[in-house]
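Here is the structure we will look at.
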Amino acid sequence: MITNTDTAISLPKNSNQALGIGIFAIDFMGGSIGEPNQSVYDKTALFFTDAVLCGLSALAVKTNAPTILRNEAMDCPSAVGATVFGSNTKVMPEKAILANCAAVREWDSNGTNFGYNPELGHVAGEFGHNDFYAVPIAAAQVMGLDGAAALRGMVLLDEIRGRLAEVFSLKTYKIDHVVHGAIASAAVYGAMCGATPEQIEGAIGMSVAHFIPWRAIRAGKQLSDSKGSSAAISTEVAVVSMKRAMRGFMGPRDIFRNPESVFRYFEKTSGDSPFDLNLTHSGCDFAVMGMHFKIGLYEHQSAGALQGLLNLLQEHPEIALDPAQIDTIKITAYEPAFGIIGDPAKRDPKTRQSADHSMVYIVSTMLRKAQEIAEAEGAAFFEQSNDDVWKRIMLTPYDFDARAVHNANTRAIMETIFFEHGGEEYDKKYPDGIPTSVHVTMKDGTAFDSGLVMYPAGHARNECCDLEYILRSKFAMHGQIAMDNPGELIDRCSRVGSLDSNGIQNIWDITIADRPVYQD
């Protein structure tokens, strides 16, 4: 039986959860239930701004997949449609979503969730990213809605996909994490465009039954465009499924209890769904409040190592002043970090898609940047606040281009690093935190230890950094790649909830800079 409290609803495992998601989405978007705290809207707008700037910079330098998919969208005009970044031309909404979502995800630099809610015992620990805001923007454009509706849709989308990530680990079964985002996308698009609960249920059923992406897209020594575009492609077909259901196509019902769906196939039950699902509608305990920002461009599993290195550099700047004196750098972390970014195949990355999933490359590059600044400014640079040092050595897209990937100094540092699994002591602390330690031994025998890092800058439970202060630099960094004068666009995104319907219709009426092609 579905239960409703003052702040949340519960969809128990013995109920039709797909239908329940549809009812919840419609009620939430219609305002009959729920009033998020202003802090929830503010945090969501911050993630939205972060996502947009990441996407625009990827387009400005003509990265491959976003450029191809944007061109594909522009070949699909529609009188009642949505727009892609940098255009006011209406195209089919699923194509606008495909293009914008792919651009946002390309750098792998926007927000992340870890699927962790210990208060409810929901600790499946599935990954996910704030890739999907193109869905409520497109739905608002199609329906002529304002920014308040679009922002509410963003909160809803993060809530559904974030709570699913807490209760079912897709990665355990080699299924890509974007499935949760696709389910949420179908629900939000349908709720904003006037679908019935039954139509949303059918669209979720189609998305799960017809379009399950395997993590094969993320395997191999050198990764392809499919890795960065996985969320976009899954979301495109989810929205197509929703449109199809609204035309009368009947997709599979009650998909979470279907014995041959991805959920019950991998986790056997006697007939129930494998999980209970709680969805917040009021107050401040929304999934988005537990999501994490990346302070630059890097695979999120490396954030603890980067913070550990930064802490050591501030305490012992000699590490950066002469990295040639380093004997070894030992990084100790948890699974799945060790398996994903510690894969021996990634010790010698040749492309950005592989370099940004290589722990040894990511850490070596940050140390190389610190070395370059130290050579120019001396040890005094590291006497600044942790926030100010983060801002200066933040990893940018150009730290992963072809020239950077083959930088001789970076490669020399990489040879000193070895990465080890910390075992149960580390594993049990994830996904509460990102348990990592960095141990540096110099050639003269001097050793420096970061100690255990749990909540690096950008982590939802970090209480040390001035997050918005650092993010302003990140926004400016991506914005200056994307546009000659990004300030107005950054402000527009930050106040998306206050835009009227005309402002949403014209939100991507901007000029994206024509930068040199990114050399990957």
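Out of everything in segment 106-137 that is in a helix (DSSP H, G or I) and in contact (Cβ under 8 Å) with a residue 60 or more places away in the chain, what residue ends up being surrounded by the most Cβ atoms within 10 Å (Cβ to Cβ)?
So, considering only residues that are in a helix (DSSP H, G or I) and in contact (Cβ under 8 Å) with a residue 60 or more places away in the chain, the one surrounded by the most Cβ atoms within 10 Å (Cβ to Cβ) is V135.
Pick out the one residue from V405, V389 that is of a type in the set (V, I, T) and farther than 17 Å from D356 by Cβ. Spell out how you get there, then give the answer.
Details: V405 fails: farther than 17 Å from D356 by Cβ.
Only one candidate qualifies: V389.
Would you say I183 is touching a helix residue (DSSP H, G or I) at 6+ places or on another chain (Cβ under 9 Å), more than 30 Å from R492 (Cβ to Cβ) and either touching a residue at least 12 places away in the same chain (Cβ under 8 Å) or not acidic (D, E) (or both)?
When the stated conditions are applied, I183 does not pass them.
Take the residues of segment 385-407 that are in contact (Cβ under 8 Å) with a residue 60 or more places away in the chain and part of a loop (DSSP other than H, G, I, E, B): which is farthest from the chain's Cα centre (by Cα)?
Here the residue is D401.
Hey, among the residues in segment 219-239 that are at pLDDT below 90 and buried (at least 20 other Cβ atoms within 10 Å of the Cβ), which one's nearest to A99 (Cα to Cα)? So that I can check it myself, show each step before the final result.
First, the residues of segment 219-239 that are at pLDDT below 90: 219-228.
This time we only want the ones that are buried (at least 20 other Cβ atoms within 10 Å of the Cβ), so: 223, 227-228.
Numbers: L223: 20, K227: 15, G228: 12 Å.
That would be G228.
Quick test of your reading of the structure: Y41 fulfils all but one of (1) among the aromatic types (F, W, Y); (2) at pLDDT below 95; (3) out of contact with any strand residue (DSSP E or B) (no Cβ under 8 Å at 6 or more places or on another chain). Name the failing condition by number.
(2)
Among the residues of segment 328-345, what is the count of those that are part of a helix (DSSP H, G or I) and surrounded by fewer than 24 Cβ atoms within 10 Å (Cβ to Cβ)?
Going through segment 328-345 one residue at a time, the tally reaches 5.
Could you please give the count of residues in segment 440-464 that are under 20 Å from E299 (Cα atoms) and either of a type in the set (D, E, K, R) or surrounded by fewer than 21 Cβ atoms within 10 Å (Cβ to Cβ) (or both)?
Of the residues in segment 440-464, 6 are under 20 Å from E299 (Cα atoms) and either of a type in the set (D, E, K, R) or surrounded by fewer than 21 Cβ atoms within 10 Å (Cβ to Cβ) (or both).
Filter segment 279-297 for residues that are among the aromatic types (F, W, Y) and either at positive phi or out of contact with any strand residue (DSSP E or B) (no Cβ under 7 Å at 6 or more places or on another chain) (or both) and give the result.
F293
How do the pairs read when you match residues in segment 9-34 that are at positive phi and assigned by TED's automatic domain parsing to the domain that holds G181 with residues anywhere that are outside any strand (DSSP E or B) and surrounded by 21 or more Cβ atoms within 10 Å (Cβ to Cβ), using Cβ under 7 Å and keeping only pairs 6 or more apart or on different chains?
Sorted first by the residue in segment 9-34, then by its partner, the pairs are G34/F28; G34/H281.
If the requirement is being out of contact with any Pro (no Cβ under 7 Å at 6 or more places or on another chain), assigned by TED's automatic domain parsing to the domain that holds W107, surrounded by fewer than 20 Cβ atoms within 10 Å (Cβ to Cβ) and part of a helix (DSSP H, G or I), which of these qualifies: D50, D42? So that I can check it myself, show each step before the final result.
On the way: D50 fails: surrounded by fewer than 20 Cβ atoms within 10 Å (Cβ to Cβ).
Criteria check complete, one pass: D42.
The values are calculated or read from the model by the stated rules, or taken from the named source; none is laboratory data. All values reported here derive from a predicted model rather than from experimental measurement. Every residue, glycine as well, gets a Cβ built from its backbone with ideal geometry; the counts of neighbours run over all protein chains shown.
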